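The values are calculated or read from the model by the stated rules, or taken from the named source; none is laboratory data. Being a predicted model, the structure only gives us computed values, none of them experimental. Positions of Cβ are backbone-derived with ideal geometry, glycine not excepted, and every protein chain shown enters the neighbour counts.
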Amino acid sequence: SVGGAVGTTGIGIPQLGLGVFQTPEGKETVDSVRWALEAGYRHIDTAAVYGNEESVGQALRESGVRRREVFVTTKLWNDDIRAGKTEEAFYQSLDRLGTSYVDLYLIHWPVDGWQRAWEVMVDLYHQHRIRAIGVSNFHQHHLEELRMISAVRPAVDQIESSPQFTNQDLVDYCHGKRIHVEVWSPLGGTGGDLLKDPVLQRIADEHGKSPAQIVIRWHLQRGVIVIPKSTHQERIKQNFDVFDFTLDENEMAAIYALNTGKRNGADPDNFSF
Ligand code: A2P
């Protein structure tokens, strides 16, 4: 568990983790995950479609950190949902990770067939292969449908959210239903210019921190789980060094005010992958 005052969530998800989206299988992922574990991270977020589960597993084993001390998330890919291959896909992920269970398994996107996939995930959960099940990129209407068809509440909805696209209505909806929110693209994503924003730079200067640290701290204080991605050791360390300062109300509000309402990634109601 990490986070001091901000703590961990009910199912024990460390509130700050490492995301490995677009980190290629091999040395880059192995190094990133190892550096993160050395820096104190105990939460790694991957997905079958990222193609790097083997490297995540390798880094976990090589780190010497005990398996049960690390919260590992992976995700069921769209093609497997559509094909009704949830169970096969899950066991393939386990195989690649080289672990006997995952902490959190997510439906990656709400594609046709996700309702059937959810039932299979519930079974795997009851078989103790998964400590918690959840969803990703679900809008409120998907969550409402899920409530209608299943007695099992998703532990998590992992959604896009950053100061540029706060997605706050959905965050509030989830929190009202006791669904934890994890945010992807927390720093505005690859190639974005969020971290050059002068408001963030000013707040960063005042705290002797970087704009990335300010954004991560903002996420922690708004009560979401944040999984910034980096493949650079210094940044991985820096992104975890966010527990020794606090943003005040005015600073929090100034960062919320950067919201443009424009997504960086795909809209869960309109995508084609
Ligand atoms: P890199 O992997 O080269 O470090 P997000 O988590 O929003 O998807 O954004 C991740 C992007 O931000 C990546 O391109 C990552 O690049 C970059 N990044 C991550 N941490 C930092 C940091 N502390 N300072 C600057 N850029 C960062």
Regarding Leu195, is this residue within 10 Å of the ligand (Cβ to nearest atom) and under 18 Å from Leu258 (Cα atoms)?
yes
Test: residue in segment 96-104 that is modelled with pLDDT of 95 or more, surrounded by fewer than 22 Cβ atoms within 10 Å (Cβ to Cβ) and part of a helix (DSSP H, G or I):
yes
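Table: residues versus (1) under 17 Å from the mean Cα position of the chain (by Cα); (2) under 21 Å from Pro154 (Cβ atoms); (3) part of a helix (DSSP H, G or I).
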| residue | (1), (2), (3) |
| --- | --- |
| Glu25 | no, no, no |
| Glu54 | no, no, yes |
| Gly57 | no, no, yes |
| Leu60 | no, no, yes |
| Glu87 | no, yes, yes |
| Leu94 | no, yes, yes |
For segment 223-244, which residues satisfy the criterion of being in a helix (DSSP H, G or I), in contact (Cβ under 8 Å) with a residue 24 or more places away in the chain and within 6 Å of the ligand (Cβ to nearest atom)?
Gln238, Asn239
Options Leu187, Leu220: the member that is within 8 Å of the ligand (Cβ to nearest atom), under 23 Å from Asp157 (Cα atoms) and at pLDDT 95 or above
Leu187
